[in-house]
Amino acid sequence: MSKVPPIMVTRPSLPPLEELLPYLEGIWQRGVLTNSGPLHQQLEKALADYLGVPFVSLFNNGTIALLTALKALDLKGEVITTPYSFVATAHAVVWNGLTPVFADIDADNLNLSPAAIEAAITEQTCAILPVHCYGSPCDSAAIADIARRHNLKVVYDAAHAFAVEDAGGSILRHGDLAVLSLHATKVFNTFEGGAIISHSESMKQRVDALRNFGFADEVSLMGIGGNGKMNEFNAAVGLAQLAHIDEALARRAEVAERYRAGLAGVAGIRLPSGQALRHNHSYFPILLDANFPLGRDQLHEQMKQAGIFARRYFYPLICDFTPYKNARGTDAVSQARLAADQVLCLPIYPGLSDAEISRVLDCITGAGR
Ligand SMILES: *Cc1c(COP(=O)(O)O)cnc(C)c1O
């Protein structure tokens with residue numbers, strides 16, 4: 001058998017190098033490397049325009065942005081969040097001295113279930129930290145209603161939700177704050193990066209100050225801030241990437257459509273429902289139940305043997321990692337546990353060829369034969 005190249009779960013998008021170079025020449029001429037330089041300011045404006053949101057604050061990564069978002073809201077007590085996410089979601093809660101409480105997800109869209117959120121609320125609850133998992137919108141109307149009735153803040157971990165829209169526009173408009181990751185593995189990357197979307201000038205100023213050690217001006221602090229600034233190099237990458245994001249999203253949609261067609265009617269495979277007016281196809285999760293001829297881990301292994309690297313994402317659940325095992329709610333997340341045991345994220349990225357998509361589909365549909 002001839003050796004075929006491996007197919008990874010994702011490959012980072014890169015702009016043509018020659019389009020990056022003029023930005024770099026500008027940096028070298030100006031000698032301004034960071035601290036809200038011109039490219040940083042330009043990218044904040046360009047992203048606000050592209051995403052259709054009023055206030056974007058760029059960060060050096062999504063995790064520091066999450067930490068800063070929770071810090072900006074001055075919270076105390078318990079934060080209700082999902083166990084079905086990347087560990088950074090819960091880490092941001094604990095790093096702020098807050099207590100994570102896990103609530104179960106909805107079996108259809110794999111996002112926090114509003115009913116489970118409501119059931120987890122106590123006197124100590126101060127905020128809800130939902131994730132738009134795989135870029136599929138949370139039930140933001142129900143979550144906003146719960147937050148209003150119980151006087152809670154809402155911060156969305158929107159790390160997967162770049163460019164996702166519902167009937168009202170970008171889903172980044174939901175919650176008190178929303179946080180993007182611009183990491184290499186995400187739909188839109190600046191190598192490493194993140195952003196906070198705020199809804200008022202005063203909140204953006206607060207976030208920007210906390211991003212820069214807490215400086216309100218040269219001689220005063222508004223609080224204890226960190227260093228979350230994005231530098232000019234990463235901003236340059238972002239500006240060069242933005243020119244290509246629409247083609248990248250279009251190709252992702254084609255890949256997803258081919259997978260969907262190829263997997264339709266395959267026994268034992270279910271696709272989570274991702275109801276968005278505009279989706280970004282950041283991931284392509286499939287759920288395997290007992291009607292599939294192989295167990296999830298067996299299929300994962302068989303694909304590896306064929307040089308196809310799918311990912312069990314999100315497995316294990318956050319609440320099954322040692323530091324979280326005693327958190328409240330870990331015994332009430334049966335739907336999350338089921339999804340973590342059934343899920344496999346298939347390779348998806350703009351450069352994935354039709355031949356490679358067929359290889360992935362053949363490997364799955366031929367499994368167990
Ligand atoms: C990627 C990711 C993060 C962390 O973002 P970084 O930019 O890698 O720090 C947080 N939450 C979720 C759900 C993510 O997928």
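The values are calculated or read from the model by the stated rules, or taken from the named source; none is laboratory data. Predicted model only: the values in this text are computed from it and were never measured. Positions of Cβ are backbone-derived with ideal geometry, glycine not excepted, and every protein chain shown enters the neighbour counts. For the accessible areas, the whole protein counts, side chains as well, though only heavy atoms, and no ligand, DNA or RNA atoms are used. Shrake-Rupley method; radii C 1.70, N 1.55, O 1.52, S 1.80 Å.
Values for this structure:
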{"item": "Residue within the stretch 322-331 that is of a type in the set (S, T, N, Q), in a loop (DSSP other than H, G, I, E, B) and open to solvent by 10 Å² or more (accessible area, probe 1.4 Å) present", "result": "yes"}
{"item": "From the options Glu19, Glu44, residue that is part of a helix (DSSP H, G or I), of a type in the set (Asp, Glu) and surrounded by fewer than 20 Cβ atoms within 10 Å (Cβ to Cβ)", "result": "Glu19"}
{"item": "Enumeration of residues in the stretch 334-364 that are of a type outside the set (D, E, K, R), surrounded by 14 or more Cβ atoms within 10 Å (Cβ to Cβ) and assigned to a helix (DSSP H, G or I)", "result": "Gln335, Ala336, Leu338, Ala339, Ala340, Gln342, Ile357, Val360, Leu361, Cys363, Ile364"}
{"item": "Criterion (in a strand (DSSP E or B), of a type outside the set (D, E, K, R), within 15 Å of the ligand (Cβ to nearest atom) and crowded, with 21+ Cβ neighbours inside 10 Å) met by exactly one of Val154, Val101, Val79, Val93", "result": "Val79"}
{"item": "Selection count where residues are of a type outside the set (Phe, Trp, Tyr), open to solvent by 50 Å² or more (accessible area, probe 1.4 Å) and within 11 Å of the ligand (Cβ to nearest atom), scope the stretch 167-191", "result": "2"}
{"item": "Out of Ile117, Ile121, sole residue that is more than 15 Å from the ligand (Cβ to nearest atom) and surrounded by 24 or more Cβ atoms within 10 Å (Cβ to Cβ)", "result": "Ile117"}
{"item": "Some residue of the stretch 293-301 being under 22 Å from Lys186 (Cβ atoms) and surrounded by 16 or more Cβ atoms within 10 Å (Cβ to Cβ)", "result": "no"}
{"item": "Condition broken by Phe309, with the remaining ones in (1) aromatic (Phe, Trp, Tyr); (2) farther than 18 Å from Ala159 by Cβ; (3) open to solvent by less than 10 Å² (accessible area, probe 1.4 Å) satisfied", "result": "(3)"}
{"item": "Those residues of the stretch 91-125 which are of a type in the set (A, V, I, L, M) and under 13 Å from Gly329 (Cα atoms), in sequence order", "result": "Val101, Ala103, Ile105, Leu112, Ala116, Ile117, Ala119, Ala120, Ile121"}
{"item": "Residue count, the stretch 276-290 (criterion: under 18 Å from Asp362 (Cα atoms) and free of Cβ contacts under 8 Å to residues at least 60 places away in the same chain)", "result": "2"}
